[in-house]
Amino acid sequence: TYTRFLDLQKAEAQAREAQIEMALEKVRSRTMAMQHSEELPEAANLLFTEVQKLGIPAWSCGYNILADDKKSSICIMSSEGELQNPFVLPLTKHESLKPWYKAIKNNEDFFVYNQDGKDLVEHYDYMKSLPDLKATFKQLEDAGLELPTQQYNHLVKFNEGFLLFITYDEVPKAHDIFKRFGNVFNQTYTRFLDLQKAEEQA
């Protein structure tokens, strides 16, 4: 019986690994097939859908390109499959984002930050006050999407910024998956910069 149990366990682990590799390959292939830098938001949407397919309870996923001073980022996010317009996120002007900024300044490769209660309410009140996000929150409202009452923010560093995975629950088993998506995105962003450079030259 125990030998059978171990065989099943091994088969399940292999099937899960194949599923993860397929998700990584889809994101890698989509981003390497980009013909224009404007296609990066579509890659964010694919990132979200692939994370959800892996059974990870995600609220939002996307890419954050840091400014030179690291005090803000350009966010390219998808929330529950609703693709958002890129927006600038200040990282030093509100208490709820200062832990993110500290982790970025400390050059941490991976950072998890839980928000709930008053902290999360004030966080979204601040986000709603940003002019760039008024249309986004209207879009989410029109789609019937409610804001989380608890969320776990996972920041994965890459060369020019960080991936952001926001989940409803703690997902320790997904941490390694998030890091692997980060490795894939280093290739993606290089491709993005090459396209941007070619467009400017053209």
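The values are calculated or read from the model by the stated rules, or taken from the named source; none is laboratory data. Since this is a predicted model, take the numbers as computed values, not measurements. A quick note on method: Cβ atoms are made from the backbone with ideal geometry, for glycine too, and the neighbour counts reach across all protein chains shown. Surface accessibility is based on the protein's heavy atoms, side chains included, excluding ligands, DNA and RNA. Shrake-Rupley method; radii C 1.70, N 1.55, O 1.52, S 1.80 Å.
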* To do: Might you tell me the accessible area per residue for the chain, computed with a 1.4 Å probe and given in Å²?
  => 54 Å²
* On the protein heavy atoms, probe 1.4 angstrom, tell me the percent of accessible surface of the chain carried by carbon and sulfur. => 51 percent
* Dipole of the chain (Lys/Arg Cβ +1, Asp/Glu Cβ -1, origin at the Cα centre): which of GLN84, LEU164, GLY182 lies farthest to the positive side? -> GLY182
* Structure fact -> Expected unfolding gain across TYR126-LYS102 under the 0.36 nm per residue rule, minus the alpha-carbon gap, is 6.8 nm
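Subtract the Cα-Cα distance of TYR2 and GLN196 from 0.36 nm times their separation in residues, and report this length gain in nm to one decimal.
Extending this stretch completely gives an extra 64.3 nm.
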* Asked: Which value at 222 nm does the chain reach when only helices count, each DSSP H run of 4 or more adding -39,500 (n - 2.57), with the total divided by all residues and rounded to the nearest 500 deg cm²/dmol?
  -> -17000 deg cm²/dmol
* Bins of 10 Å, starting at 0 and running to the largest distance - Cα pair percent for segment 18-168 -> 11, 41, 38, 10, 0
